[in-house]
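J.: Handing you this structure, nothing more for now.
The values are calculated or read from the model by the stated rules, or taken from the named source; none is laboratory data. Not measured: the values here are computed from a predicted model. Reconstructed Cβ throughout: ideal geometry from the backbone, glycine too, with neighbour counts over all protein chains shown.
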Amino acid sequence: MNKESIISSVKTVFFPLIIIWKYFSLKKEVLFKLEGNYIIKLPAVNLSYFFSKKKISFIENNYSISERVDNEALLRKVVYKLIDSGLIPKSKHIVDIGSWIGDNSIVWAGLIKEGGGSIYAIDPSPSNIKYGKSLCEINNLSNIHWINEVCSNISGAEIFYRGNINHCDFNRSGIGKKYFKTTKTIDSIVPESEWDKFSLVHLDVEHLEEEVLLGAMQIVSHSKPIIIFEQQISDVDPNSIYSHIKKFNYDLYMINEVPPGGRLDTRNFIAIQNDIDISEINQISLNRFDGCWPAVFGPSLIKFN
């Protein structure tokens, strides 16, 4: 029996027990204390969902979103401070690509809705999009555009993925399963009339960040939004992405934390216009008891370039 077969057998045995344990751990709402104590109400579930392939994901997603409140704690604190200080105006829009089950999109939508801003939440998984829409409904949010697409630097290209579509890696080299749609660019998804109305672009697309950003250069050139992206620095030099936007007067910073639950070389980076004062951001606490695990000694944002 090979390694994959053993892992599959173990999952088959323990999966029902894990789901039942998650069910009895569920809450009706989740407090995002790092983002102004914002509360997200969760969809109601019951044990009958355990017997439905279409509904069992709601149990898993409810559990997962409750676990996200301290995940990437410094990133959450930084974005909240940017919104609270007005550096991310509530009247403007946000792109959250790789939005997953909406743990960022829902909170950000709630924080900016009074100003008229909206979220473009883009994800390749129909199931993730369905769950995100249910969160919108129960939390009375109407300012999220849920978009089921895979983005790249060009539109109309075939793309492939490995693993579960709800959380997977994409490639254009033919490895794995063929995705049921061709790629789109962010610029093609967002109406041209809106290109100059964005304050933040958040990229978490499992190694496709550079390609995806290249497909959003109209938004970048028109809006000069804050750009946040994730990189595994042993594999990719963040300067590669930075080289495409440097001409628009951006400075690049590393967000000074090691996100939990992934590779130790994973970092989030933030590109900000060089005339923006970040002194308030650098006063954010990096205490590990607040959920932050600094990558290096220093302030919240470490200048990279």
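J.: Could you tell me whether any residue of segment 234-251 is buried (at least 17 other Cβ atoms within 10 Å of the Cβ) and assigned to a loop (DSSP other than H, G, I, E, B)?
T.: No, that holds for no residue.
J.: Turning to a different aspect of this structure: Would you check which residues across segment 253-266 are in a strand (DSSP E or B) and buried (at least 22 other Cβ atoms within 10 Å of the Cβ) and list them?
T.: Matches in segment 253-266: Tyr253, Ile255.
J.: Got a sec? Which strands (runs of 3 or more DSSP E) wholly within segment 79-189 have at least 3 residues that are aliphatic (A, V, I, L, M)?
T.: Of the strands (runs of 3 or more DSSP E) lying wholly inside segment 79-189, those with at least 3 residues that are aliphatic (A, V, I, L, M) span 93-97, 119-123.
J.: Which numbered condition trips up Glu230, out of (1) in contact with a Pro (Cβ under 9 Å, 6 or more places away or on another chain); (2) within 16 Å of Ile88 (Cα to Cα)?
T.: (2)
J.: Working only within segment 268-282, note down all residues that are touching a residue at least 12 places away in the same chain (Cβ under 8 Å) and either out of contact with any Ser or Thr (no Cβ under 7 Å at 6 or more places or on another chain) or of a type in the set (Val, Ile, Thr) (or both).
T.: Asn268, Phe269, Ile270, Ala271, Ile272, Gln273, Asn274, Asp275, Ile276, Ile278, Ile281
J.: I would also like to ask the following. Considering only segment 272-281, I want to know if a residue exists there that is over 24 Å from Tyr120 (Cβ atoms), at pLDDT below 90 and surrounded by fewer than 16 Cβ atoms within 10 Å (Cβ to Cβ).
T.: no
J.: Here's another thing I want to ask about it. His167 - would you say it is farther than 24 Å from Ser240 by Cα and either free of Cβ contacts under 8 Å to residues at least 24 places away in the same chain or over 14 Å from the mean Cα position of the chain (by Cα) (or both)?
T.: Criteria not met by His167.
J.: Go through Gly115, Gly98 for me and flag whichever is farther than 18 Å from Glu206 by Cα and small (Gly, Ala, Ser).
T.: Gly115
J.: Scan Ser188, Ser199, Ser155 and give me the residue that is over 22 Å from Ile129 (Cα atoms), among the small types (Gly, Ala, Ser) and in contact (Cβ under 8 Å) with a residue 24 or more places away in the chain.
T.: Within the list Ser188, Ser199, Ser155, the selection yields Ser199.
J.: Please find, among Val205, Val201, the residue that is among the hydrophobic types (A, V, I, L, M, F, W, C), outside any helix (DSSP H, G or I), closer than 22 Å to Leu75 by Cα and at pLDDT below 95.
T.: Val205
J.: Just the residues that are more than 17 Å from Val107 (Cβ to Cβ) and assigned to a loop (DSSP other than H, G, I, E, B), please, taken from segment 29-68.
T.: Correct list: Ala44, Val45, Asn46, Ser52, Lys53, Lys54, Lys55.
J.: Looking only at segment 283-301, how many residues end up being surrounded by 16 or more Cβ atoms within 10 Å (Cβ to Cβ) and either under 22 Å from the mean Cα position of the chain (by Cα) or on the phi > 0 side of the Ramachandran plot (or both)?
T.: So the count comes out to 8.
J.: While we're here: Would you confirm, using the coordinates I've provided, whether Ser91 is surrounded by 24 or more Cβ atoms within 10 Å (Cβ to Cβ) and either at pLDDT 95 or above or within 23 Å of Gly215 (Cβ to Cβ) (or both)?
T.: Against the criterion (surrounded by 24 or more Cβ atoms within 10 Å (Cβ to Cβ) and either at pLDDT 95 or above or within 23 Å of Gly215 (Cβ to Cβ) (or both)), Ser91 does not qualify.
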